[in-house]
Amino acid sequence: MWVRLQAEIFSPGAEIEAFVTHHKDAGAVASFYGSVRSTPEHPVRSLHLEHYPPLARKQIETFVKEATERFDLIDAAVIHRFGTLARGEPIVLAMTIAHHRQAALDGVSYIMDWLKTEAPFWKREQGPAGHTWIKAKRSDDDAAARWRPPTAK
Amino acid sequence: MQIMYFAWFRERLNTGSEHVEPPAEISTVASLIDWLAERNEVAAELFADRNIVRVALDEQMVSHDAPISGVRMVAIFPPMTGG
């Protein structure tokens, strides 16, 4: 289990490849990779991620540990970036290894759902008309709530 | 105690952290937020909806009824948008 917070860009493919190296015979690997979104209706030049480093690490480590115990994962890891990211760049990568597909997928969902609402990161978009802080979404709270009761708040 | 602010709370208050010495009767997170809002108009506006104010005490997420005695670092921030 590990958590990495970094400003540097990373390659999701290379990270997944390295992550599974010692568990290629486990049976199931799942991952989620989120990137900086920009659409014609809502163009974004870059995304700035502010964070509270010690608490961000602590919170994500808690979610990774909880997911590992709850879904009997063989391994789990998260990379989360901070600082200024260009459109299309990876922001976050959550990876799990288990003996079965559902456990691996649920592990990734669990980590991502809690990370969205309970890891101290704040996104600020830079668009053609200036910058705006992204508002938290009610649907993210609902997604996390389905996993209750968690041990982390 | 030291108070840290993040995201648009930090931007609007024009500071990332400040040292405060609240009076002894300020004993919980809720009363600390009330006290901060009373002494600063911008804070009053930012914290108007108490439901969106998230707080960590010494790097531990807490609810507004948590006691603050002995706490060194209070972090106050809006809802998180990680991932």
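What follows is calculated from the coordinates using simple rules that are stated; it is not laboratory data. Values in this document were obtained by computation on a predicted structure and should not be read as measured data. Counting neighbours? That spans all protein chains shown, and the Cβs are built from the backbone with ideal geometry, glycine included.
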Residues listed by number, the range B:46-69, amide nitrogen under 11 Å from B:Arg12 label point at 7 Å toward C-beta
B:46-50, B:52-53
Residue-normalised 222 nm signal for chain A, counting each DSSP H run of n ≥ 4 as -39,500 (n - 2.57), nearest 500 deg cm²/dmol, is -11000 deg cm²/dmol
GNM of chain B, Cα pairs under 10 angstrom: of B:Ile33, B:Ile52, B:Ile68, the biggest fluctuation goes to B:Ile52
With the label point 7 Å along the Cα-to-beta-carbon line of A:Lys135 and a cut-off under 20 Å to each amide N, the hits in the range B:1-38 are B:6-13
Would you mind computing, in nm to one decimal, how far apart the modelled labels at B:Ala48 and B:His64 are, each placed 7 Å from Cα along Cα→Cβ?
1.5 nm
Note, the range B:10-24: 3J(HN,Hα) by Karplus (6.51, -1.76, 1.60, θ = phi - 60°), whole Hz, Gly/Pro = x, goes 4, 4, 5, 7, 6, 7, x, 7, 8, 9, 10, 10, x, x, 4
For the range B:30-83, what class follows from the C-alpha gyration tensor (a ≥ b ≥ c being the square roots of its eigenvalues): rounded when a/c is under 1.5, otherwise prolate if a/b is larger than b/c, else oblate?
oblate
Along each principal axis of its Cα atoms, how long is the range A:1-65 end to end? Whole angstroms, biggest number first, please.
44, 30, 19
Taking the Cα centre of the protein assembly as shown as the origin, how large is its charge dipole in debye, to the nearest 20, when only Lys and Arg (+1) and Asp and Glu (-1) carry charge on their Cβ atoms?
480 debye
Give the residue from B:Val74, A:Ala136, A:His42 lying farthest towards the positive end of the charge dipole for the protein assembly as shown; charges sit on Cβ (+1 for Lys and Arg, -1 for Asp and Glu) and the dipole is referred to the Cα centre.
A:His42
How many nm separate the modelled label positions at A:Gln6 and A:Glu69, each set 7 Å beyond the Cα in the direction of the Cβ?
2.9 nm
With 18 Å as the limit, write out which pairs from A:Lys116/A:Lys137; A:Lys58/A:Lys135; A:Lys58/A:Lys116 have Cα-Cα distances beyond it, or answer none.
A:Lys58/A:Lys135
Top of A:Glu41, A:Glu50, A:Glu89 by mean-square fluctuation, Gaussian network on chain A, Cα under 10 Å:
A:Glu41
Counting every C-alpha pair in the range A:2-145, the percent lying more than 27 Å apart is 22 percent
Dipole magnitude of the range A:30-153 about its Cα centre, charges +1 at Lys/Arg Cβ and -1 at Asp/Glu Cβ only, in debye to the nearest 20?
320 debye
Tabulate in residue order the Karplus-calculated ³J(HN,Hα) for the range A:3-20, using 6.51 cos²θ - 1.76 cosθ + 1.60 with θ = phi - 60°, rounded to whole Hz; enter x for Gly and Pro.
9, 10, 10, 8, 8, 5, 5, 9, 9, x, x, 5, 5, 5, 4, 5, 4, 8
What number, in percent, do you get for the relative contact order of chain A if the mean sequence gap of Cα pairs under 8 Å and at least 6 apart is divided by its residue count?
32 percent
Using θ = phi - 60° and the Karplus relation 6.51 cos²θ - 1.76 cosθ + 1.60, list the HN-Hα couplings for the range A:89-98 in order, rounded to whole Hz, with x at every Gly or Pro.
6, x, 9, 9, 9, 10, 9, 9, 10, 8
Starting from the 7 Å offset along Cα-to-Cβ, what nm value, one decimal, do you get for the label separation of A:Asp25 and B:Val20?
5.9 nm
Straight-line reach from A:Lys65: which lysines have a Cα under 16 Å away, not including same-chain ones fewer than 8 places off?
A:Lys153
Environment charge at A:Glu8 (Cβ cut-off 14 Å; Lys +1, Arg +1, Asp -1, Glu -1)
0
